Amino acid sequence: MRRRYLAVCLLLLSCASAQTVSVQILTDASLPADFGVNYPLGQTRNDAYVYGANFIIGVSYDLPSSSSLTLSLSGSQANYFLAWTVAGSGIDQAMGTALGTAVSGVSGSQSNVYYRQDGTLHLLAGEATRYRIGARATPAATADLNTVITLTLTSN
């Protein structure tokens, strides 16, 4: 059986001077750790999405004025459909769409908080939304899945 992998990439956004925002994909564990760059999926199918492990999103920021934070996943590879889902929802979401509601009114300095799809940040990892990335092969797929998925955090 061939293994399929998605490489996970983070886009760290640095705002105007003295403003920083960063995100990190973390394991879904009682003590979250860096997920790393490989996201194994196993054998993909062409009749349904195959999803990888659950992950959560950690956020750190230093914003002197009130900002809004939006998170999204993007990526593609020829002859594959890629999607994301909230673990347990059963709903396949298109890449490039927001992972949930934007976090609004964010200001000050905070490290190691966790994103929840309702647009809130929490100190406890247990309160974070669990996400999964999935892939579905088309009948024309002859090359293994090996692409970069980017988590983008936009501040405005």
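Structural remarks
- Accessible surface, the chain, averaged per residue in Å² (probe 1.4 Å): 49 Å²
- DSSP beta bridges in the chain [antiparallel fraction, %, rounded to 5]: 85 percent
- Tail fraction, Cα-Cα pairs, the stretch 23-63, threshold 12 Å, whole percent: 66 percent
- Overall form of the stretch 70-125: prolate. Here a/c, set by the Cα gyration tensor axes a ≥ b ≥ c, is 1.5 or more, and a/b is the larger of a/b and b/c.
- Taking Lys and Arg as +1 and Asp and Glu as -1, the other residues whose beta-carbon sits under 10 Å from that of G88 total +2.
- Average Cα contact separation per residue, the stretch 34-148, under 8 Å, 6 or more apart, as relative contact order %: 37 percent
The values are calculated or read from the model by the stated rules, or taken from the named source; none is laboratory data. Remember, predicted model here, so these are calculated numbers, not experimental data. Virtual Cβ from ideal backbone geometry, glycine too; neighbours counted across all protein chains shown. SASA here: full protein model, heavy atoms, side chains in, ligands and nucleic acids out. Shrake-Rupley method; radii C 1.70, N 1.55, O 1.52, S 1.80 Å.
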